[in-house]
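The values are calculated or read from the model by the stated rules, or taken from the named source; none is laboratory data. Just so you know, these numbers come straight off a predicted model, no measurement behind them. Cβ sites come from the backbone with ideal geometry, for glycine too, and all protein chains shown count toward neighbours.
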Amino acid sequence: MTTFYYSPGSCSLASLIALEEAGLDYKPRRVDFSKGEQRSPEYLKINPKGRVPALVTERGTITETPAILAYIAQITRRVRLAPLEDSFAFAGMQAFNAYLASTVHVNHAHGRRGSRWTDDASAIEAMKAKVPQTMADSFVLIEDQLQVGPWVMGSEYSVADGYLFTLAGWLPGDGVEMDRFPKVKAHFERMQARAAVQRALAVEKA
C-alpha cells in the first residue's frame, strides 16, 4: 500500500490532488505541524528533511513535490496527467513546477519561516514585509508568461495545475488579491470545481 504523508495548508495538497486525479489507492497520513510531528524520530526515519510531502512506495520514499507529481504521472500514463510522450513539453511542465518550488514557495516561506535563513529578528521582519511584493511579482510572471490556458500547459490538464492551484491559494494570506490576476483566478475557480480537488480537500479536513 502506498502511504502519503501530508499536512493541511501545505504544498502537499498538490500531490494529494494528483493522487486523486490518478485514482491511485493510497493511505493518507497527516503530519501535525502544530505538535512538531515533522521533527519526531518516527517521521524523520521516513523523511530526514522533516518536511512534507512524502510518498512511501514499495520501492522506497519519494520527497519533493515536483518529483512526486512526475512519479504519479508516470505510473498512471493512461490518465494522462503529463505530456510524457513529448520530451520538450514535459520539460516545460517540469520547468513550471520547478519555478513554483524554487521561487514561489520560497517567497511564501519568507513570511512564515524566516528563521531558516537568519537569526536576526529585524531581518526576519524585513523578509515578512517583502512577501506581498515577491508573491505578486511571481504571479505577474505566471499570469503574463507561464500559464498558457485554460490549463497550465494549454488545452490538456496536468499535475502542474494542482500545484498552481495550491500555491495560488496562499495569495490572500500573503497579502495579495487574486483579483489582480484574472487568468490565475479563473484557473483557481476551474480547479475548485474538479471532483478530484474536492476529494483532496476533504482528505485534508478529515
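So here's what we get for this one:
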| item | result |
| --- | --- |
| Only one of ASP119, ASP144 that is assigned to a loop (DSSP other than H, G, I, E, B) and among the acidic types (Asp, Glu) | ASP119 |
| Complete set of residues in region 42-62 that are among the polar types (S, T, N, Q) and either buried (at least 17 other Cβ atoms within 10 Å of the Cβ) or not assigned by TED's automatic domain parsing to the domain that holds SER12 (or both) | ASN47 |
| Hits in region 1-24 (condition: assigned to a helix (DSSP H, G or I) and under 25 Å from HIS108 (Cα atoms)) | SER12, LEU13, ALA14, SER15, LEU16, ILE17, ALA18, LEU19 |
| Conditions (1) at pLDDT 95 or above; (2) more than 20 Å from PHE165 (Cβ to Cβ); (3) touching a strand residue (DSSP E or B) at 6+ places or on another chain (Cβ under 8 Å): number failed by LEU55 | (2) |
| Qualifying residue in region 100-110 (condition: buried (at least 17 other Cβ atoms within 10 Å of the Cβ) and within 27 Å of ARG77 (Cβ to Cβ)) | yes |
| Search result, residues across region 23-49 that are more than 14 Å from SER10 (Cα to Cα) and of a type outside the set (D, E, K, R) | GLY23, LEU24, TYR26, PRO28, GLY36, SER40, PRO41, TYR43, LEU44, ILE46, ASN47, PRO48 |
| Residue in region 150-158 that is under 23 Å from TYR71 (Cα atoms) and touching a strand residue (DSSP E or B) at 6+ places or on another chain (Cβ under 9 Å) present | yes |
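Each row is one residue, and each column tells you yes or no for (1) of a type in the set (D, E, K, R); (2) not in a helix (DSSP H, G or I).
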{"site": "PHE88", "(1), (2)": "no, no"}
{"site": "VAL104", "(1), (2)": "no, no"}
{"site": "ILE124", "(1), (2)": "no, no"}
{"site": "VAL148", "(1), (2)": "no, yes"}
{"site": "TYR163", "(1), (2)": "no, no"}
{"site": "TRP170", "(1), (2)": "no, yes"}
{"site": "LYS185", "(1), (2)": "yes, no"}
{"site": "MET191", "(1), (2)": "no, no"}
{"site": "GLN198", "(1), (2)": "no, no"}
